[in-house]
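*Asks:* Got a structure for you, written out below as structure tokens; questions coming shortly.
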Amino acid sequence: MTNKVFMLMTFIGVPVSVIGTMMHWSNIILFILYCLTIISLSSFMGRATESLAIVAGPRIGGLLNATFGNAVELIISIFALKAGLVEVVLASLTGSVLGNLLLVAGLSFFVGGLKFKRQEFNVYDARHNSGLLMFAVMIAFVIPEVFSINMNESSTLTLSIGTSVILILLYLSALFFKLVTHRGVYQSAAPKDAHEEEIPEWSKGKAIAVLLIATIAVAYISEHLVHTFEYVGERFGWSDLFIGVIIVAIVGNAAEHASAVLMAYKNKMDISVEIAIGSTLQVAMFVLPVLVLISLLFETSMPLIFSWQELIAMVSSVLLMVVISNDGESNWFEGLTLLAAYVIMGIGFFLL
Amino acid sequence: MTNKVFMLMTFIGVPVSVIGTMMHWSNIILFILYCLTIISLSSFMGRATESLAIVAGPRIGGLLNATFGNAVELIISIFALKAGLVEVVLASLTGSVLGNLLLVAGLSFFVGGLKFKRQEFNVYDARHNSGLLMFAVMIAFVIPEVFSINMNESSTLTLSIGTSVILILLYLSALFFKLVTHRGVYQSAAPKDAHEEEIPEWSKGKAIAVLLIATIAVAYISEHLVHTFEYVGERFGWSDLFIGVIIVAIVGNAAEHASAVLMAYKNKMDISVEIAIGSTLQVAMFVLPVLVLISLLFETSMPLIFSWQELIAMVSSVLLMVVISNDGESNWFEGLTLLAAYVIMGIGFFLL
Amino acid sequence: MTNKVFMLMTFIGVPVSVIGTMMHWSNIILFILYCLTIISLSSFMGRATESLAIVAGPRIGGLLNATFGNAVELIISIFALKAGLVEVVLASLTGSVLGNLLLVAGLSFFVGGLKFKRQEFNVYDARHNSGLLMFAVMIAFVIPEVFSINMNESSTLTLSIGTSVILILLYLSALFFKLVTHRGVYQSAAPKDAHEEEIPEWSKGKAIAVLLIATIAVAYISEHLVHTFEYVGERFGWSDLFIGVIIVAIVGNAAEHASAVLMAYKNKMDISVEIAIGSTLQVAMFVLPVLVLISLLFETSMPLIFSWQELIAMVSSVLLMVVISNDGESNWFEGLTLLAAYVIMGIGFFLL
């Protein structure tokens, strides 16, 4: 049913977006139109990627997911970088990290916990993810930030590039570890989710076609979306930061959000956690460093330097998440705690 | 026996305090007199609250404990706020958090560990508490502090109010979680402490009367106590910060301190940890945000913004505590580590 | 075989160093010569200390190891302090902490993990060490740093001295805990490493003689080594910080590095972790505070105040290490994560 809604939204949204753009409709209306259309398109991209991943087998499939899983965000960000909106990009990636860690995982734990008293997920995966979260945020984000205080611009950029390359390499190593050397080594104590749904929804050809067309459509709309930010910000009194951290992040991740919560409600916590935390890691260890490297091709390059508020918000969230998830169990209250943290940060970014 | 000492101290301390106040005795003498009297009165309030909690059953009892457990601190703080001593209040609440986490838990682990090689407590409670400690300090205290750097006064206050409301709501949710939805779900592996003492010490009427009279007496003395700070600080060369963080915090919590250590000595670690960490959470998630909201009624409102030293001291303490307590075990050396951390912070606040 | 190489290096290196010093050879050549000679001498000191420790029994042996285990670093640092190079000393101790935590443990986990899928070490020791790491870095290093912002020089020094004394006392208490009150209490679940090698390599007399002569030689060379830093820095464009954090730290710890990795390769993870983390703790809780106290005898005293970059690098590393090691298990990917963190910090210190 959700699929049908998204299909309708896509088939109406894309042409109307094109028409609206050409007719120079009000920026506010275009902003809303673009957001909704991107959300529905990203659901198509998610389904296409999943079909391809099943056809390609777990190894190549893992790589595909790693590359296309956050393709929408990557595309929006590239157009924002081209428009010189470095701060909006950093803000939206921060928002994506916070959104996945606190909002998606929080909602999943909470909704799942309303139905089940205690929910379990693979404790080894949880610890593995904790280590990666700590590395990405506490090392790869914190060190350039703190060291750049006493550095000139060129050294800051060099450190950013070095750190980005290491992030990408470690992310690929993590895939290699999970899919090749240690596949199935760390088995969950929890009853295994039967993988009944291992039949691809679409054929290989159809999936590639959908992925291609949807990507082009997202790219077209994203390019225009980023130019509406300024007007929307002025109209609603939202800062660039708030638009980036909260609005863009939610638009870019809406489809994933829904499926993570759904899985939690079905007590498939391993999948739910994998979406929430896996997606966080993908943004932090792949999308972000790739964007740093791509930005070198544009006029304004993007160093790996967040605002202090963004950095501390991510550090706090990761530490909270590590403490909450490290035992491989969840309940509604842990979900509520994560959601409460998200609300406090949302208020903070709104008032900034 | 301790009870008799406190009774004597109360029946001498209260009238002498009144006389001394009216006769304008030396501020130093009054300061000592007030402190001792409040310590003895708070022991009465603790016993009255416990009796009422048993009569009322675990649900209402939990709420009662949550409200009156740190009533003395709440009262002292309200009078200090009324006198405009915002910084002393923040300092004394910081001191309360540090005192409970490091001094009380440290002494409990140390003294208990001298008698028993390894002491166990409920590991689920420990993890639940870790999550709450992380939320309260790393999110609810850190975010307003870091975001307020780039905010004007009004936004800072708005963020403080929002965060305070969320803290209180999450604290009440935690009670609901522990007392209603997940009561008895997370059983300790350790042998259960037989609850022999479930007979209330006092009848309902007597308990309410004691609570009422003691509260009035504490309020009266507190109002005069806060005005002696200035003189005492000058006389001994103590800063406001040191008086708040170390002296007021110890006076406000002395009764709890004693019973936590006693329980550890009897190997009832669940109760001991509950007092130390539960009390920390009560101060951080209930007393403090309530005071932020109450302060709006006074001339000087109190935002949720600590000094950097206070904030970092709490962050460090919480992280240390989480790492030490998360395995549900303690020994004398872990206690000594916490005490050593308290001493270093004590020296720091003294020299500041 | 390694022993023979080191013996050759020593018997050539020491006399050549003396001749080179007297003939005022080029500083670059002397720097390299000194470094290699110290590495080989420190291997002799390590073997002598181990022989003595076996003869003296576990209690006195533990103390001996605690005192002489990082003797080379202590000696280099004393001469650097005498030359007024306070910042180089702090940098080299930071480098020692980072090197042991990230490089040594990282290499051990990685190399061991290439041979074994999962390696286990005593989970109780891991948690005990986590607590100590948190205390040393998050409390004893962070508090003086943050409090000194608002302190004058004399208060800063007082706080440094107080903190140093507490660090040393807690370190000795930790030895007492491990060797006396809780010896054998926390047994590893992993198969115990048979202690076949409990026969001392050298007799008591020979060990003392070697220790004495090697110490004198190290002292002689160290005194001249510290004076070459300036020239080497200029020649290669290395900052004092980089020389201290990376070069001196590697030279001072090379012998330990090798043996930790070797033990991991033999799957003796308990010993490997003990060298890496035990050595970190020794530097942080013994060598460093002792140097703070010794510095009071010299013209320039050394407060316990790192640069912000050094402090944050240590805080991040400790948190990463705690999250990774707390489950008592390792694999190649965890090792790679630690190494990646080391490389990012190395780039950072190089560019600073």
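*Asks:* Go through the stretch C:314-331 and give me each residue that's in a helix (DSSP H, G or I) and more than 7 Å from chain A (Cβ to nearest Cβ).
*Replies:* C:Met314, C:Val315, C:Ser317, C:Val318, C:Met321, C:Val322, C:Ser325
*Asks:* Any residue at all in the stretch C:268-276 that's more than 14 Å from every other protein chain (Cβ to nearest Cβ) and closer than 20 Å to C:Glu87 by Cα?
*Replies:* Within the stretch C:268-276, not a single residue is more than 14 Å from every other protein chain (Cβ to nearest Cβ) and closer than 20 Å to C:Glu87 by Cα.
*Asks:* Taking the criterion of being in a helix (DSSP H, G or I), over 19 Å from C:Glu310 (Cα atoms) and of a type in the set (Val, Ile, Thr), would at least one residue in the stretch C:241-249 satisfy it?
*Replies:* no
*Asks:* Mind checking which residues of the stretch A:133-154 are aliphatic (A, V, I, L, M) and either open to solvent by 30 Å² or more (accessible area, probe 1.4 Å) or within 24 Å of the chain's Cα centre (by Cα) (or both)?
*Replies:* Across the stretch A:133-154, the qualifying residues are A:Leu133, A:Met134, A:Ala136, A:Val137, A:Met138, A:Ile139, A:Ala140, A:Val142, A:Ile143, A:Ile149.
*Asks:* If only one of C:Leu167, C:Leu211 is under 30 Å from B:Glu310 (Cβ atoms) and open to solvent by less than 30 Å² (accessible area, probe 1.4 Å), which one is it?
*Replies:* C:Leu167 is the lone residue from the list that is under 30 Å from B:Glu310 (Cβ atoms) and open to solvent by less than 30 Å² (accessible area, probe 1.4 Å).
A quick yes/no check of all residues on (1) open to solvent by less than 20 Å² (accessible area, probe 1.4 Å); (2) at pLDDT 90 or above:
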site	(1), (2)
C:Thr10	yes, no
C:Leu30	yes, yes
C:Ser42	yes, no
C:Ile76	yes, no
C:Leu107	no, yes
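*Asks:* Being over 18 Å from the mean Cα position of the chain (by Cα) and either away from chain A (no Cβ under 14 Å) or modelled with pLDDT of 95 or more (or both) is the filter here; which residues of the stretch C:295-307 pass it?
*Replies:* C:Ser295, C:Leu296, C:Leu297, C:Phe298, C:Glu299, C:Thr300, C:Ser301, C:Met302, C:Pro303, C:Ile305
*Asks:* Can you confirm whether B:Val104 is under 30 Å from B:Leu157 (Cα atoms), β-branched (Val, Ile, Thr) and in a helix (DSSP H, G or I)?
*Replies:* No.
*Asks:* Return the only residue of B:Ala48, B:Ala71 being small (Gly, Ala, Ser), out of contact with any Lys or Arg (no Cβ under 9 Å at 6 or more places or on another chain) and open to solvent by less than 20 Å² (accessible area, probe 1.4 Å).
*Replies:* B:Ala71
*Asks:* For the stretch C:155-163, does any single residue satisfy the condition of being free of Cβ contacts under 8 Å to residues at least 60 places away in the same chain and more than 21 Å from B:Leu339 (Cβ to Cβ)?
*Replies:* yes
*Asks:* Among what's in the stretch B:155-164 and is among the hydroxyl-bearing types (Ser, Thr, Tyr), closer than 15 Å to B:Ser295 by Cα and within 7 Å of another protein chain (Cβ to nearest Cβ), pick the residue that is most open to solvent (accessible area, probe 1.4 Å).
*Replies:* Step by step, filter the stretch B:155-164, then rank; the result is B:Thr158.
*Asks:* For the stretch C:119-154, give me the residue count where each residue is facing another protein chain (nearest Cβ under 8 Å) and of a type in the set (A, V, I, L, M, F, W, C).
*Replies:* 12
*Asks:* Evaluate the following for B:Val55: is it in a helix (DSSP H, G or I) and open to solvent by less than 30 Å² (accessible area, probe 1.4 Å)?
*Replies:* It is false that B:Val55 is in a helix (DSSP H, G or I) and open to solvent by less than 30 Å² (accessible area, probe 1.4 Å).
*Asks:* Regarding A:Ser173, is this residue modelled with pLDDT of 90 or more and within 14 Å of another protein chain (Cβ to nearest Cβ)?
*Replies:* Spelling it out, A:Ser173 is indeed modelled with pLDDT of 90 or more and within 14 Å of another protein chain (Cβ to nearest Cβ).
*Asks:* Just name the residue that is most open to solvent (accessible area, probe 1.4 Å) out of those in the stretch A:111-126 that are part of a helix (DSSP H, G or I) and in contact with a Ser or Thr (Cβ under 9 Å, 6 or more places away or on another chain).
*Replies:* A:Tyr124
*Asks:* Of the residues in the stretch A:16-28, how many are open to solvent by 60 Å² or more (accessible area, probe 1.4 Å) and assigned to a helix (DSSP H, G or I)?
*Replies:* 2
The values are calculated or read from the model by the stated rules, or taken from the named source; none is laboratory data. Since this is a predicted model, take the numbers as computed values, not measurements. Cβ atoms come from the backbone with ideal geometry, glycine included; neighbour counts cover every protein chain shown. Heavy atoms of the whole protein, side chains included, go into the accessibility calculation; ligands, DNA and RNA do not. Shrake-Rupley method; radii C 1.70, N 1.55, O 1.52, S 1.80 Å.
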